[in-house]
Amino acid sequence: MRKPAPAKLDTPLLDVELMSLFPEIFDSFLRTSLVGKAIENGIVRVACTNPRDFASGRHRQVDDASYGGGPGMVLRPEPLAAAIESVESARGRTHRIILSPAGRLFDQALAQDLACRGRLMLICGRYEGVDERISDLFADEVISIGDYVLAGGEVAATVIVEAVSRLVPGVLGCGDSAIDESFSEGRLEYPQWTRPPEFRGMTVPEVLLSGNHAQVATWRRLESLRRTQARRPDLLLRYPPSEDEQSLLSGVPRKRRKKTAQQR
Ligand code: ADE
């Protein structure tokens, strides 16, 4: 029997206002896969506004040279301010975010925080950035998705929309989990395999075929720790291993370790 389509929500749980000079960048992203489904089901709503529509003059100029000199153009404040104010007076206050490589680094904890905000505005810079007065007057925060420079904030905005949407209740199916995964506890996710059991001479670890859930869980915790140690030692410094994790890594079960200590 086919599963009935979920009822469409009247009020979205996540409402995103994108502010971009290139709204077409978002077209296929918003129609496809997880975000497309969440929008179709009414759980997430995304609207896009082009600040150029709020620029004055025959040429609707949105950028200008940087005071003090230097290469590249800076987004002028007037069209952006008018666009932000127009969106908010029509649909209400948002948590306003400017996307910039000069921002605070985006991570899973920040994604979780944003998922609870209800209404987000993602303001995409282009060229050399946005006039600082927009940041001073409007931004609740400035976010970077990584230590590299993109041509604009649009790709960064899609990263944030996807990372945040999947944390909104109802977006992931019951079988999928936003908890048992990389970064949820400062650890990278354990490796995974699917069928076939043998591929190009490579097999799946025996324990995963054993059906012993307790052993599988312990094995996965250890692999997740080892992977974090090898690929992201900075995470182990930030979130030091618990006693349980230390004994997992040392290969000595915790109970036996305790007994030995008492015996001394
Ligand atoms: N715009 C340009 N580069 C960016 C980055 N790394 N993060 C967010 N916005 C950006």
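The values are calculated or read from the model by the stated rules, or taken from the named source; none is laboratory data. Since the structure is predicted, the reported quantities are computational estimates derived from the model, not experimental observations. Note that we place each Cβ from the backbone using ideal geometry, even for glycine, and neighbour counts take in every protein chain shown. Ligands, DNA and RNA are stripped out before the accessible areas are found, and what is left, the full protein with its side chains, is counted by its heavy atoms. Shrake-Rupley method; radii C 1.70, N 1.55, O 1.52, S 1.80 Å.
For the chain, give the share of DSSP beta bridges that are antiparallel, in percent and rounded to the nearest 5; count only bridges with both residues there. Percent antiparallel among DSSP bridges in the chain is about 20. Contact order for the stretch 52-138, expressed relative to its length and based on alpha carbon pairs under 8 Å spaced 6+ residues apart, stands at 33 percent. Per residue, the chain exposes an accessible area of 63 Å² to a 1.4 Å probe, with every protein chain left in place.
Only protein heavy atoms count here; under a 1.4 Å probe, E132 has an accessible surface of about 110 Å². According to the square roots a ≥ b ≥ c of the eigenvalues of the Cα gyration tensor, what is the shape class of the stretch 66-168, taking rounded for a/c under 1.5, prolate for a/b larger than b/c otherwise, and oblate for the remainder? Because a/c hits 1.5 or more and a/b fails to exceed b/c, the stretch 66-168 counts as oblate. Here the Gaussian network model covers the chain, with springs between Cα atoms less than 10 Å apart; of I84, I97, I25, I25 fluctuates the most.
Extending 7 Å from the Cα toward the beta-carbon at both N212 and E141 defines two label points whose distance is 4.3 nm.
Can you tell me which of P253, P233, P101 moves the most in a GNM of the chain? Springs connect C-alpha atoms under 10 Å apart. Fluctuation is largest for P253.
When V142, V16 are compared by accessible surface with a 1.4 Å probe, the order from highest to lowest is V142, V16.
In the chain, helices alone account for a calculated mean residue ellipticity at 222 nm of -11000 deg cm²/dmol, with every DSSP H run of four or more residues adding -39,500 (n - 2.57).
Of the residues P77, I123, S165, the one whose Cα sits farthest towards the positive end of the charge dipole of the chain is S165 (charges of +1 on Lys and Arg Cβ, -1 on Asp and Glu Cβ, taken about the Cα centre). Looking at the stretch 87-160, the DSSP beta bridges with both ends there are about 10 percent antiparallel.
In order along the stretch 78-95, the Karplus-derived 3J(HN,Hα) couplings, from 6.51 cos²θ - 1.76 cosθ + 1.60 at θ = phi - 60°, round to 4, x, 5, 4, 5, 5, 4, 5, 5, 4, 6, 6, 7, 10, x, 4, 10, 7 Hz, and Gly and Pro are given as x.
Answer rounded, prolate or oblate for the stretch 132-174, using the Cα gyration tensor with square roots of eigenvalues a ≥ b ≥ c: rounded when a/c is under 1.5, else prolate when a/b is larger than b/c, else oblate. Cα axes put the stretch 132-174 in the oblate bin. How large a share of the accessible area of the chain, in percent, is made up of carbon and sulfur atoms when the probe is 1.4 Å and the other protein chains stay in place? About 52 percent, which is the carbon plus sulfur part of the accessible surface. Overall form of the stretch 197-244: oblate. Here a/c, set by the Cα gyration tensor axes a ≥ b ≥ c, is 1.5 or more, and a/b is not larger than b/c. Net length available on complete extension from R58 to T194 is 43.1 nm, with 0.36 nm assigned per residue and the Cα-Cα distance removed.
Most fluctuating residue of R133, R221, R238 in a GNM of the chain with Cα springs under 10 Å: which is it? Result for the chain, Cα springs under 10 Å: R238 fluctuates most.
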